[in-house]
Amino acid sequence: MKSAASAASLPYLSIQAKDLEANLAFIPHDRTIITLSNHAGRATKAADLLIAKGYKVAGAAGAQDYEAEGGKLTKIAPPQPKVASANQQAALP
């Protein structure tokens, strides 16, 4: 039987912990988030911040630990921020 680590490749969005709050617009609210750092220390702090901001967080993990156990990570490109339409911009004060 395969472990979860060897059964799937996880896509990820790379945002440094110090830049997390400034980049919340890139993190989808409609997905459950798992935060990653090398050994889960910074990931735990990032998870706490995301939970405080209303994100669904499943937990925190260490990427090096995950890969050492046979898991594979796949980097994804950040989505472009949504641009307000002309009608939405006209409604702004």
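The values are calculated or read from the model by the stated rules, or taken from the named source; none is laboratory data. These figures come from a predicted structure and were not determined experimentally. When we count neighbours, we look across all protein chains shown, and the Cβ atoms used for this are built from the backbone with ideal geometry, even at glycine. Surface areas here come from the heavy atoms of the whole protein model, side chains and all, with no ligands, DNA or RNA. Shrake-Rupley method; radii C 1.70, N 1.55, O 1.52, S 1.80 Å.
Within the stretch 33-47, the set of residues being open to solvent by less than 90 Å² (accessible area, probe 1.4 Å), under 10 Å from the mean Cα position of the chain (by Cα) and β-branched (Val, Ile, Thr) comprises ILE33, THR35. Would you pick out the residues in the stretch 64-74 that are touching a residue at least 60 places away in the same chain (Cβ under 8 Å) and either polar (S, T, N, Q) or open to solvent by less than 90 Å² (accessible area, probe 1.4 Å) (or both)? Correct list: TYR66, GLY70, GLY71, LEU73, THR74. In the stretch 12-29, the condition of being among the aliphatic types (A, V, I, L, M), in contact with a strand residue (DSSP E or B) (Cβ under 9 Å, 6 or more places away or on another chain) and open to solvent by 70 Å² or more (accessible area, probe 1.4 Å) is met by no residue. Selection of the stretch 10-32 for residues being among the hydrophobic types (A, V, I, L, M, F, W, C) and assigned to a helix (DSSP H, G or I) yields ALA17, ALA22, LEU24, ALA25, PHE26.
Taking the criterion of being of a type in the set (Gly, Ala, Ser) and part of a loop (DSSP other than H, G, I, E, B), the residues of the stretch 33-82 that qualify are ALA40, GLY54, GLY70, GLY71, ALA77.
Residue-wise test of (1) open to solvent by less than 90 Å² (accessible area, probe 1.4 Å); (2) at pLDDT below 95; (3) over 17 Å from ALA17 (Cβ atoms); (4) not charged (D, E, K, R).
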{"position": "LEU49", "(1), (2), (3), (4)": "yes, no, no, yes"}
{"position": "TYR55", "(1), (2), (3), (4)": "yes, no, no, yes"}
{"position": "GLY62", "(1), (2), (3), (4)": "yes, yes, no, yes"}
{"position": "ILE76", "(1), (2), (3), (4)": "yes, yes, yes, yes"}
{"position": "ALA86", "(1), (2), (3), (4)": "yes, yes, yes, yes"}
